[in-house]
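The values are calculated or read from the model by the stated rules, or taken from the named source; none is laboratory data. These figures come from a predicted structure and were not determined experimentally. We place every Cβ from the backbone using ideal geometry, glycine too, and count neighbours over all the protein chains shown.
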Amino acid sequence: MSEWICRYGAPEEVTVDRGAEFGKDLQEAVKRAGSIIRITLPYYPESEGMVERGHKQLKGALVKMCGENGSKWKEQLPIVALADRISTKRTTGYSPFELQFLEQYVLPIDIETNTYLAIEWNKISTREELLEARTIQIAEREETRLAAA
């Protein structure tokens with residue numbers, strides 16, 4: 001909990017279910033941070049609506065990638081969680097990553113294929129420079145497409 005607080009600050013409120021991972025130690029750490037802890041009813045996932053819906057989507061993605069048996073879920077979960085964090089949410093129009101860091105996540109493929117995310121935005125100060133950068137990207141993309149054909 002202290003690592004989390006050092007990175008993101010103390011939350012006003014923490015909502016947990018009665019799972020073993022949310023035991024006495026975590027609850028005491030939350031209280032020491034000055035946060036309010038809210039414990040939901042057991043076997044009532046609706047009380048944590050958004051979280052449970054999000055978990056359902058993550059599980060669905062894991063099933064699609066690894067199958068139902070879950071043998072590779074542990075190794076795929078960080079990748080699926082990253083994909084979720086960098087994907088734009090319909091409700092906000094932003095990804096969780098963007099809301100947290102105020103910029104879009106840049107994947108290695110964005111740099112390799114020189115997508116708009118790879119543009120050095122801090123060096124672009126005029127519309128002309130922007131149009132030049134985008135034109136170069138389009139031309140390079142077309143060259144790549146033709147070379148692959």
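Taking segment 91-106 as the range and being surrounded by 10 or more Cβ atoms within 10 Å (Cβ to Cβ), among the β-branched types (Val, Ile, Thr) and more than 17 Å from VAL80 (Cα to Cα) as the test, only THR92 passes.
The single condition among (1) loosely packed, with under 14 Cβ neighbours inside 10 Å; (2) closer than 30 Å to GLY54 by Cβ; (3) modelled with pLDDT of 75 or more that TYR116 does not meet is (3).
In segment 119-143, the residue that is surrounded by the fewest Cβ atoms within 10 Å (Cβ to Cβ) out of those that are of a type in the set (Gly, Ala, Ser) and part of a helix (DSSP H, G or I) is ALA139.
In segment 32-53, the qualifying residues are those that are farther than 24 Å from GLU3 by Cα and at pLDDT 70 or above, and the one that is surrounded by the most Cβ atoms within 10 Å (Cβ to Cβ) is THR40. Hey, any hits in segment 64-71 for a residue that's outside the structural domain of TYR8 (by TED's automatic domain parsing) and at pLDDT 85 or above? Yes, segment 64-71 has at least one match.
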